[in-house]
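The values are calculated or read from the model by the stated rules, or taken from the named source; none is laboratory data. Just so we're clear, the structure is a prediction, and the values are computed from it rather than from any experiment. Cβ atoms come from the backbone with ideal geometry, glycine included; neighbour counts cover every protein chain shown.
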Amino acid sequence: MVFLPRFYFTLVTAILLALASTWAPDGLAMSLVLTLLLTCAVLADVVLIPRDALRVKRNVPQTLRQAQPFPVELTLFNNSDSALTFQIVDSPPVDFTGSSRPMMIRLLPRLETVQTYSLKSFHRGSFSFGTVFYRITGPLGLIERQGKIDLPLEVQVLPDMTGEGSHDLQLALAGAIQAGRRRSTLRGEGREFESLRDHQRDDDFRHIDWKTSAKRGKLISRHYETERDQRLMILLDTGRLMSPRIGSYRKLDYAVNAAVHLAQIALHKGDLVGYALFNDDLLAFAEPKKGQAQMSHFVRNLTPLQPTRLESDYAGVFHHVMRRCSRRTLIVCFTDLGDPHSANSLLQAALPLMPRHLPVIITVSNSEVLAVTRKIPENEFEVYRHVAAMEIWNDYQKTLVGLRSRGMATVSVPAQELSTAAINEYLRIKETARL
């Protein structure tokens, strides 16, 4: 039970009348009468506030995406025969951000209303909504009765597929849908022959069919279709190097979103997609397969994934991939090259993958460090920062050069461009038929 301002105003008035009784003979009597009336009014308010007057139902969308706002609907029903004023406070997960403020609603008897507020989560995983707390104001406005309704609700926040790179995803999916209606006719080496057609100015001369051209008296080119049923393995590092935060996300979050985009496109392109999640141990592994079931399984494993403080075991996971993947496979590893020691471990572990497989290392470049190197220092502190940033950036570039000199394909882009870069690299490899 909570006393309202009207109660305190009446109580202060009674006290003042009692204090004034020294020069006002009737003051003490008036104070006693007012105190008695106030007590009776409070008791009346307690009796008149109905119990179990509120019913609440919470509705949350089935699919929640990381960093995407979603509505929460509270359906409130006045179960009593009198109009009541309610103050409602919901209990969303503490990691969510949004406008879950107290709501004041006056409801007529036997009527319901729907109140909506918006939430957002920058974290993936399972989260729980808790109790709905409420207060009911008495008809005399002196007190409020408190109550609570337990509404446990478990929700899953999935990786974001509508953020950075979503435009590239939509374009690629549109191309994949067209490929499903008719066989793709991109030109390039290493593709299956599809048909013959008149030679065009931008056609590769190596695609000219000279025998057919001689018979028809004009240049004829071979038309090729994009190879399907190729294999893609996505390796996702969850070790200590993936824990730094860039904006609202950690590096791992950007890598997870890029991996989901990449897997979605590869499956729509007709390729087989597998994955391995690892840090100092192998957390999950799935051999390359087709179908939406594979994608759903991938997303379920990614949803609770969080970075750890453990050193990643590249040799262990690459050895496992080589042992389980006998056919030539495009192996895309999302990781970070935070220090020369880790980079050297990655290089030594990835070299045995070639030439049977095609490894690609995709990393998040530190745009903040690059910005410091490009800024002219203005004081002694900024000079030290500039020198430290230059050393970090030079070590990072040397690591990339070392990987590329050994024939290792690498992609290094700012975090916001990771999805786009991963998609483009995959499509470029498909276009040039390197698999």
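Here are a few things to note about the model shown:
- Flag for Ala415 being farther than 26 Å from Gln348 by Cα, of a type outside the set (S, T, N, Q), assigned by TED's automatic domain parsing to the domain that holds Tyr249 and crowded, with 18+ Cβ neighbours inside 10 Å: no
- Condition met for Leu241 (at pLDDT below 90, assigned by TED's automatic domain parsing to the domain that holds Leu358 and crowded, with 16+ Cβ neighbours inside 10 Å): yes
- Near pairs, Cβ below 6 angstrom, 6+ apart or cross-chain, from region 331-350 (under 18 Å from Leu277 (Cα atoms)) to any residue that is assigned to a loop (DSSP other than H, G, I, E, B): Ile331/His357
- Summed over region 83-103, the residues that are over 25 Å from the mean Cα position of the chain (by Cα) and surrounded by 13 or more Cβ atoms within 10 Å (Cβ to Cβ) give a count of 7.
Each row is one residue, and each column tells you yes or no for (1) surrounded by fewer than 17 Cβ atoms within 10 Å (Cβ to Cβ); (2) within 24 Å of Lys430 (Cα to Cα); (3) at pLDDT below 90.
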{"residue": "Ala286", "(1), (2), (3)": "no, yes, no"}
{"residue": "Gln292", "(1), (2), (3)": "yes, yes, yes"}
{"residue": "Phe298", "(1), (2), (3)": "no, yes, no"}
{"residue": "Phe334", "(1), (2), (3)": "no, yes, no"}
{"residue": "Pro359", "(1), (2), (3)": "no, yes, no"}
{"residue": "Pro377", "(1), (2), (3)": "yes, no, yes"}
{"residue": "Val383", "(1), (2), (3)": "yes, no, yes"}
{"residue": "Ala389", "(1), (2), (3)": "no, no, yes"}
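- Scope region 375-413; condition in contact (Cβ under 8 Å) with a residue 12 or more places away in the chain, within 13 Å of Ser365 (Cβ to Cβ) and in a helix (DSSP H, G or I); matching residues: Ala389, Ile392, Trp393, Asp395, Tyr396, Thr399, Leu400
- Residue in region 266-277 that is under 21 Å from the mean Cα position of the chain (by Cα), assigned to a helix (DSSP H, G or I) and in the same structural domain as Tyr426 (by TED's automatic domain parsing) present: yes
- Filter pass, Glu144 being buried (at least 16 other Cβ atoms within 10 Å of the Cβ) and at pLDDT below 65: no
- Sole exception among (1) acidic (Asp, Glu); (2) out of contact with any strand residue (DSSP E or B) (no Cβ under 9 Å at 6 or more places or on another chain); (3) farther than 25 Å from Gln146 by Cα for Asp81, by number: (3)
- Which numbered condition Arg106 fails, given (1) in a strand (DSSP E or B); (2) touching a residue at least 24 places away in the same chain (Cβ under 8 Å); (3) surrounded by fewer than 17 Cβ atoms within 10 Å (Cβ to Cβ): (2)
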